[in-house]
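Notes for the one structure printed next.
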Amino acid sequence: MVRMANASQNNHVAGREPFRLIVAITGATGAIYGIRLLQALRELNVESHLILSKWGARTMLHETPHTLEQVQEMASHHYASQDQGAVISSGSFITRGMVICPCSVRSLGAIAHGWGDTLVHRAADVVLKERRRLVLVVRETPLNDIHLENMLKLSRMGATIFPPVPAFYTHPQTIDDIVDQTVMRVMDQFGLHLRSGRRWQGLRSQPETAGKKAHQRN
């Protein structure tokens, strides 16, 4: 896991709300993204509120070595997926927003059409109505017209559609490198920045220059 920048500015200050972020893990493949996000937020002392959907939990157990209890302990608070009475189901509970990581297309569709039948969907609806930041790490491919229309609809409402697309300009050596780079970029959306995350530094040389040098050697 990459090391984080000092985030003491995110700690609770008298008279101000702490930096709170809702994290949901739904049933799409890629549960490791949500787990790594929780670990990063914990290192930054960000107050995290976790919702694991039923299928998110099933997928997590299939894809990772973590138990449900281990992942729940990574969060500051966690809630049952059907607990509509949780504090995060109300706009009067102040948060900086929500990340659904990964976001299944079922959750995408439910949120796009206001179908708040689970706490994940209700919490996302609250974030939208309060004009807070909603980041959807949509994991599906290929995408059909319904998926694309739902993403466009939510984007127009102010949500950020954030597919976990690997960046190969960082020359990742492991799956962890790929996951960490995506988590770094998700956290950027909330003004939370990694100190040692690998970022774009510009091209090392112009393609045409490199081509000329190769031609000269030949």
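The values are calculated or read from the model by the stated rules, or taken from the named source; none is laboratory data. Keep in mind it's a predicted model, so treat the numbers as computed, not measured. Reconstructed Cβ throughout: ideal geometry from the backbone, glycine too, with neighbour counts over all protein chains shown.
Brief remarks on what is shown
- The number of residues in region 55-80 that are touching a residue at least 24 places away in the same chain (Cβ under 8 Å), over 19 Å from residue 176 (Cβ atoms) and either in contact with a Phe, Trp or Tyr (Cβ under 6 Å, 6 or more places away or on another chain) or part of a loop (DSSP other than H, G, I, E, B) (or both) comes to 3.
- Filtered residues of region 144-165 (kept if surrounded by 13 or more Cβ atoms within 10 Å (Cβ to Cβ), part of a loop (DSSP other than H, G, I, E, B) and in contact with a helix residue (DSSP H, G or I) (Cβ under 8 Å, 6 or more places away or on another chain)): 159, 162, 164
- Selection count where residues are modelled with pLDDT of 95 or more and over 23 Å from residue 144 (Cβ atoms), scope region 86-117: 14
- Some residue of region 83-91 being crowded, with 21+ Cβ neighbours inside 10 Å, touching a residue at least 60 places away in the same chain (Cβ under 8 Å) and closer than 23 Å to residue 192 by Cα: yes
- In region 92-113, residue surrounded by the fewest Cβ atoms within 10 Å (Cβ to Cβ) [restricted to those that are part of a loop (DSSP other than H, G, I, E, B) and among the hydrophobic types (A, V, I, L, M, F, W, C)]: 94
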